[in-house]
Amino acid sequence: MDKYDPSVSPNPEKWLALPEDERVELIRSFHEENEENLSEEGQLELHAGIHAVVENQIAMAYAPVPATLAKLVRQGLSRHEAIHAIGSVLSGEIWQLQQQGQSKWESGVYRRKLEKLTAKRWKKGQY
């Protein structure tokens with residue numbers, strides 16, 4: 001795999017066969033080539049990392065991520081926007097862990113937030 005396009009789901013086996021750093025680099029390169037405004041120090045790397053985690057969860061069929069992606073696309077988001085929406089929920093959960101000094105991931109909270117996530121709520125910033 002030599003290119004990444006968030007509008008097209010990568011083949012799960014090929015995606016997961018790549019080393020993690022190559023997955024992140026493919027995503028980073030896509031965003032850099034498409035001149036997305038991620039110029040702040042470290043912002044592009046962080047964005048690509050979260051993007052990779054979401055793509056990994058989709059490829060591994062980590063419930064409810066694939067279903068949430070499908071729902072958001074049905075509701076009118078592009079696949080790329082849906083990945084960003086899911087990534088925002090993921091980042092929020094990581095931030096909460098860090099703020100509360102917790103070391104244990106509560107997958108149930110993440111799942112419930114993804115199940116409540118809709119395109120309408122995402123567009124309003126209510127995720």
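The values are calculated or read from the model by the stated rules, or taken from the named source; none is laboratory data. What you see is a predicted model; the values in this text were computed from it and never measured. Heads up, the Cβs are rebuilt from the backbone with ideal geometry, glycines too, and the neighbour counts pull from every protein chain shown.
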message = Yes or no: segment 5-25 includes at least one residue that is modelled with pLDDT of 95 or more, of a type in the set (Val, Ile, Thr), at negative phi and surrounded by fewer than 17 Cβ atoms within 10 Å (Cβ to Cβ).
response = yes
inquiry  = Quick check on residue 45: is it in a loop (DSSP other than H, G, I, E, B), among the charged types (D, E, K, R), at pLDDT below 95 and more than 9 Å from the chain's Cα centre (by Cα)?
reply    = no
ask   = Looking at 65, 109, which is the one that is in contact with a helix residue (DSSP H, G or I) (Cβ under 6 Å, 6 or more places away or on another chain) and at pLDDT 90 or above?
value = 65
ask   = Pick from segment 71-101 the residues that are assigned to a loop (DSSP other than H, G, I, E, B) and of a type outside the set (Gly, Ala, Ser): which of them is nearest to residue 8 (Cα to Cα)?
value = 77
task = Take segment 1-15 and flag every residue that is part of a helix (DSSP H, G or I) and closer than 17 Å to residue 50 by Cβ.
result = 15
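Conditions tested, residue by residue: (1) in contact with a strand residue (DSSP E or B) (Cβ under 8 Å, 6 or more places away or on another chain); (2) free of Cβ contacts under 8 Å to residues at least 12 places away in the same chain; (3) small (Gly, Ala, Ser).
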{"site": "12", "(1), (2), (3)": "no, no, no"}
{"site": "25", "(1), (2), (3)": "no, no, no"}
{"site": "30", "(1), (2), (3)": "no, no, no"}
{"site": "48", "(1), (2), (3)": "no, no, yes"}
{"site": "68", "(1), (2), (3)": "no, no, no"}
{"site": "71", "(1), (2), (3)": "no, no, no"}
{"site": "87", "(1), (2), (3)": "no, no, yes"}
{"site": "102", "(1), (2), (3)": "no, yes, no"}
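Looking only at residues that are among the acidic types (Asp, Glu) and surrounded by fewer than 16 Cβ atoms within 10 Å (Cβ to Cβ) in segment 82-127, which one is nearest to the chain's Cα centre (by Cα)?
The extreme case among them is 115.
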message = Can you say whether residue 104 is part of a helix (DSSP H, G or I) and not hydrophobic (A, V, I, L, M, F, W, C), as far as the supplied structure shows?
response = no
inquiry  = Residues to consider are 57, 75; find the one that is over 14 Å from the mean Cα position of the chain (by Cα) and within 23 Å of residue 126 (Cβ to Cβ).
reply    = 75
query = Say we look at segment 58-78 and pick out the residues that are surrounded by fewer than 21 Cβ atoms within 10 Å (Cβ to Cβ) and of a type in the set (S, T, N, Q); which of these is farthest from residue 118 (Cα to Cα)?
reply = 78
query = Within segment 32-42, can one find any residue that is part of a helix (DSSP H, G or I) and at pLDDT below 95?
reply = yes
